[in-house]
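Below: the structure, in structure tokens.
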Amino acid sequence: MLGNFNPLSFFQTKGKIKKVFREAKASYLNRIRFAVGMFYFGMGLSFATWASRIPDIKTELGLTDGAFGSILFLLPVGQLVIMPFSGKMVTKFGSHRILIFSLIMYVFCLINLGLASTALQLSLGLFLFGLFGNLANIAVNTQGVYTEVLFRKTIMSSFHGMWSFAGFTGGLVGLGMLALDLSPLHHFIIVAGIVLLMIAFNFKFLVRAKEKMKEKAAANKKIFSKPDSALLWLGVIGFCSMASEGVMFDWSGVYFKDIVKAPGTLVGLGYTSFMIMMAGGRFIGDSLIYKFGRERVMQISGVMISAGLFTAVFLPYIIPCTIAFMFVGMGVATIVPTVYSMAGKNSTVPPGEALTIVSSVSFLGFLMGPPVIGHIAQSFGLQFSFAFIGIFGVLIAFMVSKIRTT
């Protein structure tokens with residue numbers, strides 16, 4: 001028996017989803033779902049761990065706000081650089097292989113951020129952190145699509161809920177590490193060890209699949225060919241949702257401080273209420289989609305985003321704004337997971353490449369939303385800028401009907 005054992009067999013990729021997965025027992029399918037969920041959790045925990053120690057790293061390196069802001073921009077640059085290639089890599093080598101490799105590299109990049117002693121080292125570290133983070137993102141969402149196929153129902157939202165839950169966990173762990181007076185490096189090493197253990201216990205249960213494009217289609221496909229129109233519409237919907245999400249991440253605290261005039265202890269109430277509803281909405285999103293359908297849930301979600309932001313604009317007081325930000329959190333909760341799920345099931349483009357197209361357009365919203373808000377706020381005020389983003393929710397509801405016709 002041992003003579004025939006080949007450890008590389010765990011990573012073999014043969015055809016599409018193997019028959020053994022399609023005919024597996026429910027208990028084994030649940031184990032697959034748990035494993036994929038833990039990879040989402042590992043990614044979220046790694047990112048939240050970095051985010052929780054940003055102030056300490058900035059202080060240790062003695063960087064000004066402007067210099068540190070410029071360095072932080074290297075993270076999305078790394079993500080953008082790998083985007084044209086990540087989908088093709090997932091398609092060629094298999095999402096399970098790329099996910100294992102990229103997440104291992106992701107946690108080693110996390111440790112490298114703790115080792116940075118100069119601005120240049122931190123810049124390079126963030127570039128690589130973004131690069132492997134995007135590669136892992138495409139691979140893990142492809143695994144999410146495959147797992148949905150096995151379950152024959154929508155479960156993508158719960159996977160993204162695991163990422164959000166990991167964000168809370170990473171923040172709490174960060175507070176604990178600060179209380180213990182541990183350096184960012186020791187903190188990052190501990191979390192990296194935990195994530196590596198998650199990989200070790202779960203990598204065997206990833207879905208081993210590889211999409212094969214027809215030879216003729218592959219031969220005629222150009223590197224920068226025009227994407228499928230349905231994928232572009234999905235990308236624009238994701239753009240609007242992630243722009244709203246990015247604005248809430250970066251500007252909700254400022255809005256509560258400058259517009260709502262919340263006292264010091266309540267400045268973070270808006271952000272906290274948004275995050276709780278977004279995470280909770282992702283865990284119940286799959287059941288809502290099963291009951292009401294993808295299109296209706298996305299249309300209602302778009303209306304909730306607009307209703308929440310417009311309420312915050314016209315009723316800038318603590319209680320109405322807290323409720324309004326909860327509406328926004330619930331609104332953005334299911335849109336991106338649903339968009340990714342629909343993209344991964346495109347009949348003409350392999351899941352990895354479809355997800356790359358959609359996530360590329362969507363991620364631009366996350367990058368562009370917050371700085372655009374800043375420029376609009378400088379000229380017309382923060383309330384006007386929130387009202388401007390509020391229009392995006394209405395656009396989402398409109399564009400969902402466009403996808404149905406497409």
Of Gly167, Val336, Gly87, which is farthest towards the positive pole of the chain's charge dipole, taken about the Cα centre with +1 and -1 on the beta-carbons of Lys, Arg and Asp, Glu respectively? Gly87
Using the Cα centre of the chain as the reference point, and only Cβ charges (+1 on K/R, -1 on D/E), how large is the resulting charge dipole? Debye, rounded to the nearest 20. 2060 debye
Taking protein heavy atoms only, a 1.4 Å probe, and rounding to whole percent, the accessible area of the stretch 302-369 owed to carbon and sulfur comes out at 83 percent
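For each pair in Lys25/Lys291; Lys88/Lys204; Lys88/Lys291; Lys25/Lys88, compute the distance between the two Cα atoms and list the pairs where it is over 27 Å. Don't jump to the answer; show the numbers that get you there.
Working: Lys25/Lys291 25 Å; Lys88/Lys204 23 Å; Lys88/Lys291 35 Å; Lys25/Lys88 32 Å.
In this structure, Lys88/Lys291; Lys25/Lys88 exceed 27 Å between Cα atoms.
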Quick calc, Leu172 & Lys261: beta-carbon distance into FRET formula, R0 35 Å, rounding 0.05, result 0.75
Can you give me the % of accessible surface on the stretch 67-169 that is carbon or sulfur? Probe 1.4 Å, all protein chains present, nothing else counted. 76 percent
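Residues of the chain: accessible area per residue at 1.4 Å, in Å²?
46 Å²
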Spin-label proximity, Tyr317 to the stretch 237-259 - amide N less than 18 Å from point 7 Å beyond Cα toward beta carbon: 256-259
Go ahead and estimate [θ] at 222 nm for the chain from helices alone: -39,500 (n - 2.57) per DSSP H run with n ≥ 4, summed, over the residue count, rounded to 500. -27500 deg cm²/dmol
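The values are calculated or read from the model by the stated rules, or taken from the named source; none is laboratory data. Since we're looking at a predicted model, the values are computed, not measured. Quick reminder, even Gly has a Cβ in these numbers, built from the backbone with ideal geometry, and neighbours come from all protein chains shown. In case anyone asks, the SASA skips ligands and DNA or RNA and just uses the protein heavy atoms, side chains included. Shrake-Rupley method; radii C 1.70, N 1.55, O 1.52, S 1.80 Å.
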